[in-house]
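Since the structure comes first, as structure tokens, the remarks are kept for the end.
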């Protein structure tokens, strides 16, 4: 009775951790199978029409597409891990990055810091108001 619960928990943990990788690999497998099926149809058509000159080019195109699909899959998974690592930077690194960004950005409070006194119109009105006793 506890065994299915443990199995489900294990699968949910694996799915949550590697969800992007699993989806990407399944998509890659589907695309590779699709390329292979198209290649089989193309070679069958070329054999029936007795155009054997294009068989080599069809094979080269098939393997180039396979390599391209696998390379794109690998790059997307690598990019996902890179963005995941950047999102989990320690707080000290995040603070240094934000302080460096603030120095380069326009400071909206620079005008206030340059003032000699920080008195508003409300402060002046309160000071000028006669005291009642």
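Expected output is a single nm value to one decimal: the length gained when fully extending between residue 78 and residue 127, i.e. 0.36 nm times separation in residues minus the C-alpha distance. What is it?
Full extension from residue 78 to residue 127 adds 11.2 nm.
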Summing -39500 (n - 2.57) over every DSSP H run of at least 4 in the chain, dividing by its residue total and rounding to the nearest 500, the 222 nm mean residue ellipticity is -28000 deg cm²/dmol
Checking 112, 38, 60 against a Gaussian network model of the chain (alpha-carbon springs below 10 Å), the top fluctuating residue turns out to be 112
The extension gain from residue 63 to residue 15, computed as 0.36 nm times the residue separation minus the Cα-Cα distance, is 14.2 nm
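How would 8, 59, 32 line up from fewest to most surrounding beta-carbon atoms within 10 angstrom?
Working: 8 10, 59 13, 32 16.
Least crowded to most crowded, the residues run 8, 59, 32.
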To the nearest 10 degrees, the tilt of helix 55-87 (Cα long axis) against the first principal axis of the alpha carbons of the chain is 30
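Given 0.36 nm per residue, what is the gain on full extension from residue 43 to residue 114 after removing their alpha carbon distance, in nm? Can you show the working numbers first?
Numbers: separation 71, 0.36 × 71 = 25.56 nm, distance 7.74 nm.
Fully extending the segment from residue 43 to residue 114 adds 17.8 nm.
Would you mind giving the three semi-axes, in whole Å and largest first, of the ellipsoid equivalent to the chain according to its Cα gyration tensor? Spell out each step's value before the answer.
Working: eigenvalues 882, 142, 40 Å².
So the three semi-axes of the chain are 66, 27, 14 Å.
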Comparing 16, 84, 62 in a Gaussian network model of the chain (Cα, 10 Å), the one with the largest mean-square fluctuation is 16
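Throughout, read-outs are computed from the coordinates displayed, never taken from laboratory work. The structure displayed is predicted, hence computed values, not measured ones. In this analysis, Cβ positions are derived from the backbone assuming ideal geometry, glycine residues included, and neighbour counts consider all displayed protein chains.
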